[in-house]
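See structure below.
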Amino acid sequence: MHPSAVPRRSVVANAIYGLLNPIPYGFFVAALVFDILYARTDVVLWGKGAAWLIAIGLVIAIVPRLINLVQVWITSRLAARRVEKVDFWLNLVAIVAAIVNAFVHSRDAYAIVPASVWLSACTVLLLSIGQVLMAVEWTLAGERA
């Protein structure tokens, strides 16, 4: 395929993705902190707060994940770099872990510990690895240019 024939990514989609993608990460990190606080203090407020943070993070994660799905696997699949595909899968697994964590948080009182802490940590770790990989790739691509 000729280089000029490779589909270009939408500027608007890139802007929306760049704006919304970091927000769920912040919610999931806050949920991890709340889960740790709940495990250490037994104050129900922290467990309920973590449940809300996870739910809001999941809702906000829908739009950037859909944009990422379309850009990596549909419109620019030929131009998508391997690291973008790895980032997509890491984010997908992290979201699955967050969904399971949302169900764990539906349990009664202290029954969410320690599963909630582990699932929150897993979610944050997977998202962090994806962000680090993308940052390293962008840095290396800048040095090559």
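No lab work stands behind these numbers, since they all come straight from the coordinates. None of these values were measured; they are calculated from a predicted model. Note: ideal-geometry Cβ built from the backbone for every residue, glycine included; neighbour counts use all protein chains shown.
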The range 35-121: trypsin sites (Lys or Arg not before Pro) in DSSP coil with no more than 16 other Cβ atoms inside 10 Å: ARG77, ARG81, ARG107
For the chain, with +1 on Lys and Arg beta carbons and -1 on Asp and Glu, the positive-most of TRP52, GLN131, ALA30 along the dipole: GLN131
Three semi-axes of the equivalent ellipsoid, the range 9-144, Cα gyration tensor, whole Å, largest first: 32, 14, 12
Dipole magnitude (debye, nearest 20) for the range 9-144, charges at Cβ of Lys, Arg, Asp, Glu: 340
Residue-wise HN-Hα coupling along the range 80-91, computed from phi with Karplus coefficients 6.51, -1.76, 1.60 (Hz; x: Gly, Pro): 5, 7, 4, 5, 5, 5, 5, 4, 4, 5, 4, 5
The chain: angle of helix 115-144 to the longest principal axis, Cα-based, in degrees nearest 10: 20
